[in-house]
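A short write-up of the structure that comes next.
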Amino acid sequence: NLGASSSEEAGNYYSWGETQVKPANQANWRGYKLCEDIALWTFTKYNETDGLTRLEPADDAAHVALGGKWRMPTYEECLELVNNCDPKMVERGGVWGYVFTGNNGNTLFIPLVGYLETDGSLVYHWSQVGDAAKGCYWSSTLHPENDTQAKDLFLFMGYTHGNYDQWFRYAAQPIRPVTD
């Protein structure tokens, strides 16, 4: 994960379209830099006016941090991982996650390290739901029907993709960089 030093670590958390690490106490609409007006749900970028539906390199945290061909995955690439690899739930270093095995035998471990939100006074680290761990990872893709949200890879203990494949752009989620 972006900012992690081992495969079990969460790394840093980012709001969608922001390139700076998101302080947990700012993971809300008021702390979201691309929100122009909370009451009207208007955004300075990635909206109906500009028609942008995928992050530009300057707004892609993986590209800004790592340079070169590094970037955030598209939502289609996230689906490709889930649909074309064999997922297996494992525990590594005390952290639950999925090992995805491709047809070529290559593997990828993605830890279930949740996401962050705040109501201004309390910070919510949504990594545990009861006894089940979950993880959300930003893609570079804006939700096609609701520009208050962006598409993400949703992983939950017991299944790798559910109805929650998008979330509000202000939420702070980890990023799993990819390269071409």
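General remarks:
- Counting only residues that are surrounded by fewer than 13 Cβ atoms within 10 Å (Cβ to Cβ) and touching a strand residue (DSSP E or B) at 6+ places or on another chain (Cβ under 9 Å), the stretch 108-124 holds 0 of them.
Residue-by-condition table, conditions (1) assigned to a loop (DSSP other than H, G, I, E, B); (2) surrounded by 15 or more Cβ atoms within 10 Å (Cβ to Cβ); (3) among the charged types (D, E, K, R); (4) touching a Pro at 6+ places or on another chain (Cβ under 6 Å):
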| position | (1), (2), (3), (4) |
| --- | --- |
| Ser5 | yes, no, no, no |
| Glu9 | yes, yes, yes, no |
| Gly17 | yes, yes, no, no |
| Ala62 | no, yes, no, yes |
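Yes/no matrix, rows are residues, columns are (1) more than 16 Å from Pro174 (Cβ to Cβ); (2) modelled with pLDDT under 90; (3) more than 17 Å from the chain's Cα centre (by Cα):
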{"position": "Glu36", "(1), (2), (3)": "yes, no, yes"}
{"position": "Thr42", "(1), (2), (3)": "yes, no, yes"}
{"position": "Asp59", "(1), (2), (3)": "yes, no, no"}
{"position": "Cys78", "(1), (2), (3)": "no, no, no"}
{"position": "Glu91", "(1), (2), (3)": "yes, no, yes"}
{"position": "Gly105", "(1), (2), (3)": "yes, no, yes"}
{"position": "Pro111", "(1), (2), (3)": "no, no, no"}
{"position": "Gly114", "(1), (2), (3)": "no, yes, no"}
{"position": "Gly120", "(1), (2), (3)": "yes, yes, yes"}
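- Candidates in the stretch 64-99 are the residues that are under 19 Å from Asp180 (Cα atoms) and without any contact (Cβ under 8 Å) to a residue 60 or more places away in the chain; of these, the one that is most open to solvent (accessible area, probe 1.4 Å) is Glu80.
- Criterion violated by Glu36 - all others in (1) surrounded by 21 or more Cβ atoms within 10 Å (Cβ to Cβ); (2) farther than 27 Å from His125 by Cβ; (3) not hydroxyl-bearing (Ser, Thr, Tyr) satisfied: (1)
- When the criteria are applied in full, Asn47 fails the requirement of being at negative phi, in contact with a Leu (Cβ under 7 Å, 6 or more places away or on another chain), in a loop (DSSP other than H, G, I, E, B) and in contact (Cβ under 8 Å) with a residue 24 or more places away in the chain.
The values are calculated or read from the model by the stated rules, or taken from the named source; none is laboratory data. Bear in mind that the values here come from a model prediction, so they are computed numbers and not experimental data. With ideal geometry, Cβ positions are generated from the backbone for all residues, glycine too; neighbour counts draw on all protein chains shown. Accessible surface areas use protein heavy atoms only, side chains included; no ligands, DNA or RNA. Shrake-Rupley method; radii C 1.70, N 1.55, O 1.52, S 1.80 Å.
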